[in-house]
Amino acid sequence: MTAQTSAQKLPLAKAINESLRRALENDPKVLIMGEDVGKLGGVFRVTDGLQKDFGEDRVIDTPLAESGIVGTAIGLALRGYRPVVEIQFDGFVFPAYDQIVTQLAKMHARALGKVKLPVVIRIPYGGGIGAVEHHSESPEALFAHVAGLKCVSPSNASDAYWMMQQAIESDDPVIFFEPKRRYWDKGEVDTSAIPGPLHTARVARAGTDLTLAAYGPMVKTCLEAAAAAEEEGKSLEVVDLRSMSPIDFDTVQKSVEKTGRLVVVHEAPVFYGSGAEIAARITERCFYHLEAPVLRVGGFHAPYPPARLEEEYLPGLDRVLDSVDRALAY
Amino acid sequence: MTAQTSAQKLPLAKAINESLRRALENDPKVLIMGEDVGKLGGVFRVTDGLQKDFGEDRVIDTPLAESGIVGTAIGLALRGYRPVVEIQFDGFVFPAYDQIVTQLAKMHARALGKVKLPVVIRIPYGGGIGAVEHHSESPEALFAHVAGLKCVSPSNASDAYWMMQQAIESDDPVIFFEPKRRYWDKGEVDTSAIPGPLHTARVARAGTDLTLAAYGPMVKTCLEAAAAAEEEGKSLEVVDLRSMSPIDFDTVQKSVEKTGRLVVVHEAPVFYGSGAEIAARITERCFYHLEAPVLRVGGFHAPYPPARLEEEYLPGLDRVLDSVDRALAY
Amino acid sequence: MTVESTAARDEARRSSGKRTTAKTPAKSAKPTAAKKTAARKTARASAKASGGADQPQLVQLLTPEGERVEHPEYSIDLTADELRGLYRDMVLTRRFDAEATSLQRQGELGLWASLLGQEAAQIGSGRALRDDDYVFPTYREHGVAWCRGVDPSNLLGMFRGVNNGGWDPNTNNFHLYTIVIGSQALHATGYAMGVAKDGADSAVIAYFGDGASSQGDVAEAFTFSAVYNAPVVFFCQNNQWAISEPTEKQSRVPIYQRAQGYGFPGVRVDGNDVLACLAVTRAALAHARSGQGPMLVEAFTYRMGAHTTSDDPTRYRTDDERAAWEAKDPILRLRTYLEKQGLADEEFFAALETESEELGLTVREKIRTMPDPDTMAIFENAYADGHALVDEERAQFAEYLATFADSAHQEGN
Amino acid sequence: MTVESTAARDEARRSSGKRTTAKTPAKSAKPTAAKKTAARKTARASAKASGGADQPQLVQLLTPEGERVEHPEYSIDLTADELRGLYRDMVLTRRFDAEATSLQRQGELGLWASLLGQEAAQIGSGRALRDDDYVFPTYREHGVAWCRGVDPSNLLGMFRGVNNGGWDPNTNNFHLYTIVIGSQALHATGYAMGVAKDGADSAVIAYFGDGASSQGDVAEAFTFSAVYNAPVVFFCQNNQWAISEPTEKQSRVPIYQRAQGYGFPGVRVDGNDVLACLAVTRAALAHARSGQGPMLVEAFTYRMGAHTTSDDPTRYRTDDERAAWEAKDPILRLRTYLEKQGLADEEFFAALETESEELGLTVREKIRTMPDPDTMAIFENAYADGHALVDEERAQFAEYLATFADSAHQEGN
Ligand SMILES: Cc1ncc(C[n+]2csc(CCOP(=O)(O)OP(=O)(O)O)c2C)c(N)n1
Ligand SMILES: Cc1ncc(C[n+]2csc(CCOP(=O)(O)OP(=O)(O)O)c2C)c(N)n1
Ligand SMILES: [Mg+2]
Ligand SMILES: [Mg+2]
């Protein structure tokens, strides 16, 4: 069994590092670009050692200008390269938003399919690390709403490794949201296992009473909530969505048809968040199965608070379980 | 009755023009800024004549740089001005997105309330005018999701006049979405009538069988649909939301509690659109009243198509009525 | 140097040629640094005055009166054939442009952005390019498209509303028209970074306007291209207007000077002089090719017509200004020169007149028979690898449309 | 010129003084245009070399060895008291900064961005300001904050995570720290446009770093301020690093030259020379005040420490570099000068040492007793006029929290 030999326990950040390394090795057209991705290896060390091994021509420290980074990545993609761009923190993607929304997302359609834009934009996102302003945002809905983009977020090291491989192989632009507070969480990564398709959800824990749907950093929270609920005799199913655009509604639907109840959990503000889309669509698909309205747990409609308040702001075990109880009370 | 004397029939664009004029007259701190807003009076003539009457110091033609326009408007607001910024077309707001999301929206909170940001950003939005790419976008969800902003859209001349007055008076940043394809629609404007609060919805047509909720350009479409449905013996209530952040859920809830069915209509893509938020929240509020899932009619998850296809892409009478039928079939 | 000579090309033009720094011709590879102008200590009032009296020296090789003049840094030596070719390019471009304007008036196009007055800037720069070079245009580069061999009627698709860009960018190394002002400057820079990585000696050219010079994206393109020494030429057509705003609303000094502050040369050329535009762009491209990095060319010209067919310039500028610029017409001056020098005869002009008319007719014919896109094209090419939701929506919409077909069918029964 | 002299101020500082162009002192209002440097025709290799050998002339009034030198354009004449004041400012700022760094190590702060090495740039420019001037800082302007009289412990709030900015910007005309690189340059420009509209003769100063110079927002600020002739000084502290990236990754020519291309003067000053920073900033502010528009000051300095306490500079730069810059220490050179000239005695230095220690203790004490924000502060100040959803969420969350209180209470029963 060769699979055995290629499995190793890695922190999520290191899994991405290994995945980038493999992509750089396999395809000379793959480039890494961003602020401090070179010698420093990125502020989270996700690109650690890559410039040393692949050179400054392939692992590129860029000027401090996000629109410039994405705009030139588009040009490089038009020339046949496959740039993997790092945005240093979630809150700093907005200067690049115009290039992403009006150019990157639309250019394939604009050209009637004649050009491809295989650009991956890596964004370490979400809170929980005690950071200052702009370092804890969860802007995924602002990208998932935009046609032409795909958005994914791994919740564990193995998915991080494989989803990055698949994102880089994709001929579409992919916004790759990395759950920064899980960077140090270790998980088994089998670099020879053949993964399923990029945009499919995964039942992370089976259950019968209620479905929790989440992605990225909140999957762990939901799994903890499910474990806690079990002690109270409640059986929760946890679906790891993995992809926010497209969303694998079939897997969620199947789960909800079984459990009859759904709670969606994300760090982003609830208002206009991904939970709204999931609630709306699952309610339509499962109207006669739902025994309670789809409930949502997420951030409040207020700017992300200073670090000393983030514990209260972020959905944690208690808030998830509170919503579970509310849903079960219907 | 003085109200009678101040009423006049105006196109929606002209109603905004009159409203801006009144604001410039009443408050020396009000400024108009944007590309071509001066001599030209804007590409839609919404600022027509204002520079002539109020001078270049108050009606300011800016360099061609949207981030610069919004960024300097923030500085002017900090100095005590009340800038009303024009973005020439919906698709050109994105270079300013960073300033809007990371600065304008958050600065009041960042300063613990010590500074105010009374900036209005006017965006002519939506399709239906046969324009080229980037001139027909409906990006409201991308702003409504962002805490710190308020988002409104009038559907008729009178609301346009009054909502602009109220937006300028607001001490919060307001994104003012102007339904450009309704600019030429005339309506009665009573400049002396005292309006209701800015963020309340309005029942535009009473009905009993189903509620249609919309804002901006789609209100007219919904009213037409309701009229058509009446001929088929269906009584549709139309709620003009007027505000996308906050949303007046109470008014929608009240309507849905009566009708038991809701269809939300907007031009923006359905996926992660405002309809999702409304569906999710109203389903939660009216779980036992709803006889059908909340259905949504809107744009598809594809870049806005070339003009020759926009009739098919945009929600029209037929697509609204199709969803009405589907909802009534439950 | 004619459109026929390039139009038929179908293969991708990516050159595999390696960069050969030594090969660069000594003369043309040595563009001068921009004239140094001390930063002006402008008092508030004078900040508004610019673009007028104190214009810096333009590079000019052909005066408005049709006289050939020499320039110490830029020279050109063209055959009669080449000169007639440039003339023909300008005339046909203008004819095509006029045809498009009238097609718009007749409702065949939703909009048209005329290049009237900017033919020399576009043909001069366009003819300086090699096949393997790559072009990133705005929405007004019809003359450059012509030089690249893009079928003119293809340019009309987006203005008619049947598509957002109707050609394969890689067939003619001519990217799609870009509407969001300034964004293509970064694409060009990135593409040029790729060219350099490939070790090719191609160059890239990014077109933009005077208004665009204010966009942060253009500044970032200057920064990136300078830092990476990317082989890109920034070609700014300063036609003195950004819709209704004169250039003073974008800069208080001539735009070519911007380059200096980023560490690369900038030069201002008479944008109505096709010979100077050709010579300067050639030099700038050679500069890029030879590994010296970016260069900014400001072609000082004039937008003779409205911004687009939706615009009404009478609201913001006087006829006098236009009249003054008519005397500097780019086509007229080359014709005068050709005639005075006996480089073209009546026959040539007559034949060109006929060719012009034929081009007009062909374009008119093509546009009138241009099919509307299929409804389901809404869903095509949203993604290269597909997207589950798009598939779902496509299927639902097809079903929805079928209900009409059915009812029509039933009614027909 | 001490912090006490300004700290107590409470009223808003907006000056009602009208601009009086004539009043400007002849000497300081005449800053020179940046030295003209021909745009360099840099070959690929040499594009990477910069910031090193061929540095342009810096404005310097006090050498690293503590010698007073004269400059043809910028002069300064300070009393002994003023000189000691500058020294005291720098020493106390450094002490405060060191205290914050150690508070971070002890877990009292989540992060700290040290200004170590940049004291002269900040105190020199900060002390050039008038009360009615307005400051837009980055996240590192602790020395400028000190000059403005902002209580130093207030600066710590955001680094401790109790708020995102703990002072009222209008009390000291010192805007909140801005983290999104470059965006404050536009706020400063807009504010300055407002100052001009008010007819006031105040000036505005925008701080940013060498890395920030690449952001489109900074370029747009240059454009807007030039076009509107806004009274703003752009003060770029080129500390030669943007986290791990050296300045060559941002520009291939010195940053002060950028200004010229936008039509206003740029000047490079020795950023470790407090006298030169004061003189040059005074001149730039006078330039702005007198209606001549913006000016760019590049203070060439060095980030002695890590980017922030999260950073590990050993990964990307050598100790040698730091050692070389230690010899240019801004505090040391002023001390040498004060001592050599007999402008300060042992008593002064001893008293300052005591004051430093006291400052450290006060700050330490204040931070340790700084209360955590109330949970419900999450919902405060999201909007000025309220927002129905925020009200709803606040109420729901309070109810939710109450369930815990209740159960605790019940358990307690
Ligand atoms: C980001 C953006 N903002 C605004 C517009 C609307 N717009 C289209 S063309 C134009 C003026 C462009 O002027 P210039 O760059 O000088 O080019 P020209 O049209 O003169 O060729 C404007 C404001 C746009 N297309 N993109
Ligand atoms: C838009 C944006 N992108 C990235 C960052 C992350 N970041 C914080 S500081 C910094 C480097 C800034 O360098 P410089 O402008 O030279 O200022 P310095 O830190 O040296 O004072 C970076 C990349 C940010 N804060 N904002
Ligand atoms: Mg122009
Ligand atoms: Mg720096």
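No lab work stands behind these numbers, since they all come straight from the coordinates. From a predicted model like this one, the values you see are computed outputs, not experimental measurements. We place every Cβ from the backbone using ideal geometry, glycine too, and count neighbours over all the protein chains shown.
Work out, step by step, the length gained on full extension between D:Arg130 and D:Gln57: first 0.36 nm times the residue separation, then minus their alpha carbon distance; give nm to one decimal.
Working: separation 73, 0.36 × 73 = 26.28 nm, distance 2.82 nm.
Using 0.36 nm per residue and subtracting the Cα-Cα distance, I get 23.5 nm.
Which order do D:Phe397, B:Phe300, D:Phe222 fall in if you start with the one that has the fewest other Cβ atoms within 10 Å?
Ascending number of Cβ neighbours within 10 Å: D:Phe397, B:Phe300, D:Phe222.
Quick one: B:Arg181, D:Arg160, fewest Cβ neighbours within 10 Å first, how do they rank?
Going from sparsest to densest Cβ surroundings: B:Arg181, D:Arg160.
Mind listing the phi-derived Karplus ³J(HN,Hα) values for the stretch B:155-167, rounded to whole Hz, using 6.51, -1.76 and 1.60 with θ = phi - 60°, and x for any glycine or proline?
Using θ = phi - 60°, the values come out as 10, 8, 4, 5, 4, 4, 4, 6, 5, 5, 4, 6, 5 Hz.
Report, for the protein assembly as shown, the % of DSSP beta bridges that are antiparallel, rounded to 5.
In the protein assembly as shown, approximately 20 percent of DSSP beta bridges are antiparallel ones.
For the pair B:Glu291 and B:Thr200, how long in nm is the line joining their label points, each one 7 Å along Cα→Cβ?
2.9
Taking only Cα atoms, what is the 0 to 90° angle, nearest 10, from helix A:317-328's long axis to the longest principal axis of chain A?
The answer is roughly 50 degrees.
Tally the DSSP beta bridges in the stretch A:69-190 and give the antiparallel ones as a percent, rounded to 5. Could the numbers behind the result be given before it?
Details: 0 of 12 bridges.
DSSP beta bridges in the stretch A:69-190 are roughly 0 percent antiparallel.
Between copies, how far does the label point of B:Asp53 sit from its twins, in nm, shortest first, when each point is 7 Å from Cα along Cα→Cβ?
6.9
Hey, how many Å between the Cα centroid of the stretch D:197-217 and the Cα centroid of the stretch B:25-74?
Value for the Cα centre distance between the two parts: 22 Å.
Exposure proxy check: C:Ser310, C:Ser244, C:Ser356, B:Ser153 ranked by fewest other beta carbons within 10 Å?
Numbers: C:Ser310 14, C:Ser244 23, C:Ser356 18, B:Ser153 29.
Least to most surrounded, the residues fall as C:Ser310, C:Ser356, C:Ser244, B:Ser153.
For peptide C:156-168, how many partner chain Cβ atoms fall within 10 Å of a residue's Cβ, on average?
Whole-number average of other-chain Cβ neighbours for C:156-168 is 6.
Please list, ordered by chain and number, the residues whose modelled amide H lies under 5 Å from the amide H of B:Gly34; skip anything fewer than 5 residues away on the same chain.
Amide H to amide H, under 5 Å and 5 or more residues apart or across chains, B:Gly34 pairs with B:Ile60, B:Thr62, B:Glu86.
Report the residue of chain D with the smallest Cβ-to-axis distance, using the rotation axis that brings D onto C, in whole Å.
D:Gly216, 1
Taking 7 Å along the Cα-to-C-beta vector as the label spot, tell me the B:Asp318-C:Ala398 distance in nanometres, rounded to one decimal.
Result for the modelled spin labels: 1.8 nm.
What angle, in degrees between 0 and 90 and rounded to the nearest 10, separates the Cα long axis of helix B:249-259 from the longest principal axis of the Cα atoms of chain B?
For helix B:249-259, the angle is close to 20 degrees.
Got the D:Glu70 label distances to the other copies yet, label 7 Å along Cα→Cβ, in nm, shortest first?
The answer, with the shortest distance listed first, is 4.9 nm.
At a 10 angstrom cut-off on C-beta neighbours, averaged per residue, how do the peptides D:149-156, C:207-214, D:357-364 rank from highest to lowest?
The peptides rank, most packed first, as C:207-214, D:149-156, D:357-364.
I'd like the distance separating the alpha-carbon centroids of the stretch C:248-273 and the stretch C:54-107, in whole Å.
20
Please report, for D:Asp374, the nm distances (one decimal) from its label point, 7 Å out from Cα along the beta-carbon direction, to the equivalent points in the remaining copies, shortest first.
Here the equivalent label points are 6.4 nm apart from this one.
Residue by residue, what Karplus-based ³J(HN,Hα) values in Hz, rounded to whole numbers, does the stretch D:389-405 have, using 6.51, -1.76 and 1.60 with θ = phi - 60° and x for Gly and Pro?
For the stretch D:389-405, the Karplus-derived couplings read 5, 4, 4, 5, 5, 4, 5, 4, 5, 4, 4, 4, 4, 5, 4, 5, 4 Hz, x marking Gly and Pro.
Net charge around D:Arg105, counting only other residues with Cβ within less than 15 Å of its Cβ (Lys, Arg = +1; Asp, Glu = -1)?
-2
Per the helix-only calculation at 222 nm, which mean residue ellipticity applies to the protein assembly as shown, given -39500 (n - 2.57) for every DSSP H run of n ≥ 4 and division by its residues, nearest 500 deg cm²/dmol?
Per the formula, -11500 deg cm²/dmol.
Using Cα pairs closer than 8 Å and at least 6 residues apart in sequence, work out the relative contact order for chain B, in percent.
Relative CO of chain B lands at 16 percent.
What is the Cα centroid distance between the stretch B:240-299 and the stretch D:284-308, reported in whole angstrom?
After rounding, the separation between the Cα centres reads 53 Å.
Assign unit charges at the C-beta atoms only (+1 for Lys and Arg, -1 for Asp and Glu), then state the dipole size of the protein assembly as shown relative to its Cα centre in Debye, rounded to the nearest 20.
The dipole magnitude comes to about 3620 debye.
How big is the antiparallel share of DSSP beta bridges in the stretch D:214-370, given as a percent to the nearest 5?
So the antiparallel bridges amount to about 15 percent of the total.
Once amide H atoms are built 1.01 Å from N in the peptide plane, which residues 5 or more positions from A:Glu178, or in another chain, come under 5 Å H to H?
Those lying under 5 Å, H to H, from A:Glu178 are A:Ile123, A:Tyr125.
Applying the Karplus parametrisation 6.51 cos²θ - 1.76 cosθ + 1.60 with θ = phi - 60° to the phi angles of the stretch C:192-202, what ³J(HN,Hα) value in whole Hz is obtained for each residue in order, glycine and proline being reported as x?
Each residue of the stretch C:192-202 in turn: 5, 4, x, 4, 5, 4, 6, x, 7, 10, 6 Hz.
At what distance in nm do the modelled label points of A:Glu25 and A:Glu311 sit from each other, each positioned 7 Å from its Cα along Cα→Cβ?
Output for this residue pair reads 4.3 nm.
Report, as an integer, the average count of C-beta atoms from other chains found within 10 Å of each Cβ along C:251-259.
Taking the mean over all residues of the peptide, I get 5.
Work out how much length B:Asp325 to B:Ser235 would gain on full extension: take 0.36 nm times their residue separation and subtract the Cα-Cα distance, in nm to one decimal.
Residue separation times 0.36 nm, minus the Cα-Cα distance, leaves 31.2 nm.
Under a 5 Å amide H to amide H cut-off, with H placed in plane at 1.01 Å, what residues pair with A:Gln8 once short-range neighbours are removed?
A:Val189, A:Asp190, A:Thr191
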